[in-house]
Amino acid sequence: MEKYAKVISNITSPPHIVILVLLSTPLRHPNVAWPETLVATLFVGLIPWTALIWMRVRGRVTDLHVTQRHQRWPILLITLISILGGIGVLLAISAPIQIMAEVLFMLVGLVIVGVVNLVWKLSVHAALITLQLFIVSPFCLVAFN
């Protein structure tokens with residue numbers, strides 16, 4: 001059973017889900033082009049994931065799921081800075097509101113998770129899955145089309 005739990009945990013890790021949701025944006029919102037999608041994916045998913053892998057290789061985190069709460073703040077800070085940089089680039093290239101909204105929702109989710117993790121050990125997996133379900137929900141599909 002532990003083997004299956006580990007597989008599910010790896011598949012639903014935050015970087016994978018973020019990248020999948022962002023790469024699906026042009027399929028859900030036809031006016032969002034691939035260049036904006038790739039910029040958002042780079043800053044919101046790939047840069048933080050690369051930083052996490054680098055931190056794991058350097059011994060800054062014990063595992064890729066960052067199970068030790070005190071090890072989470074550096075990767076959350078790197079992710080925050082990366083997302084803010086991505087928002088700046090998306091604004092500079094006049095990205096459509098749909099991709100901006102998705103990135104902003106992810107930023108809000110990151111801030112909430114970061115603040116909660118200062119006090120409690122929150123499951124980032126569960127929080128992210130919940131947020132991503134909201135982003136791809138019919139409400140968001142209607143509201144940002």
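The values are calculated or read from the model by the stated rules, or taken from the named source; none is laboratory data. Just so you know, these numbers come straight off a predicted model, no measurement behind them. Cβ: placed from backbone, ideal geometry, glycine included. Neighbour counts: every protein chain shown. Surface accessibility is based on the protein's heavy atoms, side chains included, excluding ligands, DNA and RNA. Shrake-Rupley method; radii C 1.70, N 1.55, O 1.52, S 1.80 Å.
Figures for the structure shown
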{"read-out": "Extreme residue, surrounded by the fewest Cβ atoms within 10 Å (Cβ to Cβ), among residues of the range 48-68 that are in contact with a helix residue (DSSP H, G or I) (Cβ under 6 Å, 6 or more places away or on another chain) and modelled with pLDDT under 90", "value": "LEU64"}
{"read-out": "Given (1) without any contact (Cβ under 8 Å) to a residue 60 or more places away in the chain; (2) surrounded by 14 or more Cβ atoms within 10 Å (Cβ to Cβ); (3) assigned to a helix (DSSP H, G or I), number of the condition LEU77 does not satisfy", "value": "(2)"}
{"read-out": "Any hit, the range 25-42, residues being at pLDDT 90 or above, in contact with a Ser or Thr (Cβ under 7 Å, 6 or more places away or on another chain) and not in a helix (DSSP H, G or I)", "value": "yes"}
{"read-out": "Search result, residues across the range 53-78 that are of a type in the set (A, V, I, L, M) and at positive phi", "value": "VAL66"}
{"read-out": "Condition met for VAL21 (of a type in the set (Val, Ile, Thr) and either open to solvent by 70 Å² or more (accessible area, probe 1.4 Å) or modelled with pLDDT of 95 or more (or both))", "value": "no"}
{"read-out": "Considering residues of the range 2-18 that are surrounded by fewer than 20 Cβ atoms within 10 Å (Cβ to Cβ) and of a type in the set (A, V, I, L, M, F, W, C) only, the residue modelled with the lowest pLDDT", "value": "ALA5"}
{"read-out": "Filtered residues of the range 24-47 (kept if in contact (Cβ under 8 Å) with a residue 40 or more places away in the chain, over 18 Å from ALA92 (Cβ atoms) and open to solvent by 70 Å² or more (accessible area, probe 1.4 Å))", "value": "ASN31"}
{"read-out": "Odd one out for VAL103 among (1) modelled with pLDDT under 90; (2) assigned to a helix (DSSP H, G or I); (3) open to solvent by less than 50 Å² (accessible area, probe 1.4 Å); (4) not acidic (Asp, Glu)", "value": "(1)"}
